[in-house]
Amino acid sequence: MLRTTLIVLVLLSTTAIAQPPAESRNPKRPGRATREARLNHPALKIERNIPYAANDNPRQQLDLYLPKERKTKKLPVIVFIHGGGWKSGSKNTGALRLMPFIKTGHYAGVSVAYRLSGEAVWPAQIHDVKGAIRWIRANAAKYDLDPDHIAVWGTSAGGHLALMIGLTGDTSELDGKLGPHTDVSSKVAGVVNYFGPTELIAMTGRSGKLDRTKGDSPVAQLFGGPTQATDEKSKQASPVTYASANDPPVLTIHGDADHIVPLDQAVRLDTAMKKAGVTHYFITIEGGGHGKLSTAADEPTARFFAKYLRGIDEEIPTGKIPMAK
């Protein structure tokens with residue numbers, strides 16, 4: 001007797017979208033058609049694929065999102081940096097992260113592309129994103145942006161780059177010479193870090209997927225090959241190396257069930273920040289995985305931007321927060 005077994009595997013993947021408190025919040029990840037509909041929202045003005053390095057490389061472009069109805073003349077700016085292990089990802093993923101903030105009329109948004117490790121190795125990535133910040137500040141008057149209130153926000157590898165921007169504002173060796181605005185500052189007013197690597201040396205020998213001594217790991221590819229435990233390049237590319245009293249405030253949100261970038265990375269950052277006297281809000285999402293923080297991350301993120309970009313007296317929670325149901 002012939003028996004036929006049919007096995008259907010359904011893979012569901014959701015990505016939490018941090019949003020300001022709003023009655024229209026939708027925790028579900030929309031499909032492509034829904035994303036395009038949101039991008040064509042009549043309340044938004046979008047300029048895509050703006051080159052920030054004075055060339056035609058699509059990985060050195062940014063998208064600018066502006067509200068058509070502004071609540072203030074000069075808008076503070078939220079800059080989103082995508083993840084993907086420094087080897088994949090697209091600035092298009094920043095659209096839905098930024099949209100809820102832009103539609104309030106209180107913020108402008110920018111989503112940044114940068115050269116991936118298959119095209120260029122470290123420190124090309126930090127040079128790119130710093131070049132993008134300089135472009136924003138240099139063009140602030142043109143778009144009525146507030147150059148003194150720019151914050152960076154990133155997930156995973158993007159969180160790492162956001163931290164590097166924020167914590168190396170006084171480290172000229174990583175500024176690079178990218179683009180036409182090398183005389184403009186790349187300092188920012190705040191950083192939001194979602195589960196980003198913070199001390200790459202500590203990734204060695206870990207069970208996570210970022211062990212930099214393995215040639216196929218994202219960290220090894222970022223550096224152009226495996227690195228050793230005391231490698232200076234790993235130290236140079238680690239945010240904890242640069243924690244100092246002059247750094248802007250940072251919000252870190254990390255899940256305690258993250259098996260790609262272990263929670264220990266966020267703990268190490270928190271230790272370094274406290275030692276340096278930096279304002280650091282550290283939130284652990286109980287049961288949160290890599291890229292899976294649920295809507296529990298939404299309100300702290302919105303409060304952080306309101307406090308440090310708009311000057312609103314907000315209380316930002318710290319400690320453990322359960323996953324939202």
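Here are the numbers for the structure shown:
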quantity	calculated
Any chance Pro239 is modelled with pLDDT of 95 or more and crowded, with 24+ Cβ neighbours inside 10 Å	yes
So Trp122, is it of a type in the set (Phe, Trp, Tyr), buried (at least 24 other Cβ atoms within 10 Å of the Cβ) and within 24 Å of Val184 (Cα to Cα)	no
The one condition in (1) touching a Gly at 6+ places or on another chain (Cβ under 9 Å); (2) in a helix (DSSP H, G or I); (3) polar (S, T, N, Q) that Gln125 fails to fulfil	(1)
Whichever residue in region 26-53 is of a type in the set (Lys, Arg) and outside any helix (DSSP H, G or I) and, among such residues, is modelled with the lowest pLDDT	Lys28
Residue selected from region 125-136 under the condition within 22 Å of Gln236 (Cα to Cα) and either among the hydrophobic types (A, V, I, L, M, F, W, C) or touching a strand residue (DSSP E or B) at 6+ places or on another chain (Cβ under 8 Å) (or both), by the criterion surrounded by the most Cβ atoms within 10 Å (Cβ to Cβ)	Ala132
Qualifying residue in region 55-62 (condition: loosely packed, with under 15 Cβ neighbours inside 10 Å, modelled with pLDDT of 95 or more and not polar (S, T, N, Q))	yes
Qualifying position, being surrounded by fewer than 24 Cβ atoms within 10 Å (Cβ to Cβ), of a type in the set (S, T, N, Q) and not in a helix (DSSP H, G or I), among Thr93, Thr104	Thr104
Residue pairs meeting the criteria (Cβ under 7 Å; at least 6 apart or on separate chains; first closer than 20 Å to Glu173 by Cα, in region 211-234; second of a type outside the set (D, E, K, R) and modelled with pLDDT under 85)	Lys233/Thr227; Ser234/Thr227
Every residue from region 107-122 that is among the polar types (S, T, N, Q) and either free of Cβ contacts under 8 Å to residues at least 24 places away in the same chain or in a loop (DSSP other than H, G, I, E, B) (or both)	Ser117
Tally of residues being assigned to a loop (DSSP other than H, G, I, E, B) and over 20 Å from the mean Cα position of the chain (by Cα) across region 54-86	11
Only one of Arg206, Arg212 that is at pLDDT below 85, buried (at least 18 other Cβ atoms within 10 Å of the Cβ) and not in a helix (DSSP H, G or I)	Arg212
Filter result (more than 13 Å from Ile201 (Cα to Cα), of a type in the set (Gly, Ala, Ser) and either touching a Lys or Arg at 6+ places or on another chain (Cβ under 8 Å) or part of a helix (DSSP H, G or I) (or both)) within region 222-256	Ala243, Gly255
Residue check for Glu299: touching a strand residue (DSSP E or B) at 6+ places or on another chain (Cβ under 9 Å) and among the charged types (D, E, K, R)	no
Pair list, Cβ under 6 Å, 6 or more apart: region 240-260 residue over 18 Å from Ile316 (Cα atoms), other residue of a type in the set (Lys, Arg) and crowded, with 21+ Cβ neighbours inside 10 Å	none
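Every residue, every condition in (1) more than 21 Å from Phe305 (Cα to Cα); (2) crowded, with 19+ Cβ neighbours inside 10 Å; (3) in contact (Cβ under 8 Å) with a residue 12 or more places away in the chain, yes or no:
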{"site": "Lys142", "(1), (2), (3)": "yes, no, no"}
{"site": "Asp148", "(1), (2), (3)": "no, no, yes"}
{"site": "Ala151", "(1), (2), (3)": "no, yes, yes"}
{"site": "Gly159", "(1), (2), (3)": "no, yes, yes"}
{"site": "Asp170", "(1), (2), (3)": "yes, no, yes"}
{"site": "Gly176", "(1), (2), (3)": "yes, yes, yes"}
{"site": "Ser186", "(1), (2), (3)": "no, yes, yes"}
{"site": "Val191", "(1), (2), (3)": "no, yes, yes"}
{"site": "Thr198", "(1), (2), (3)": "yes, yes, yes"}
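The values are calculated or read from the model by the stated rules, or taken from the named source; none is laboratory data. Note that the structure is predicted; figures quoted are calculated from it, not measured. All Cβ positions, even for glycine, are placed from backbone atoms using ideal geometry, and neighbour counts span all protein chains on display.
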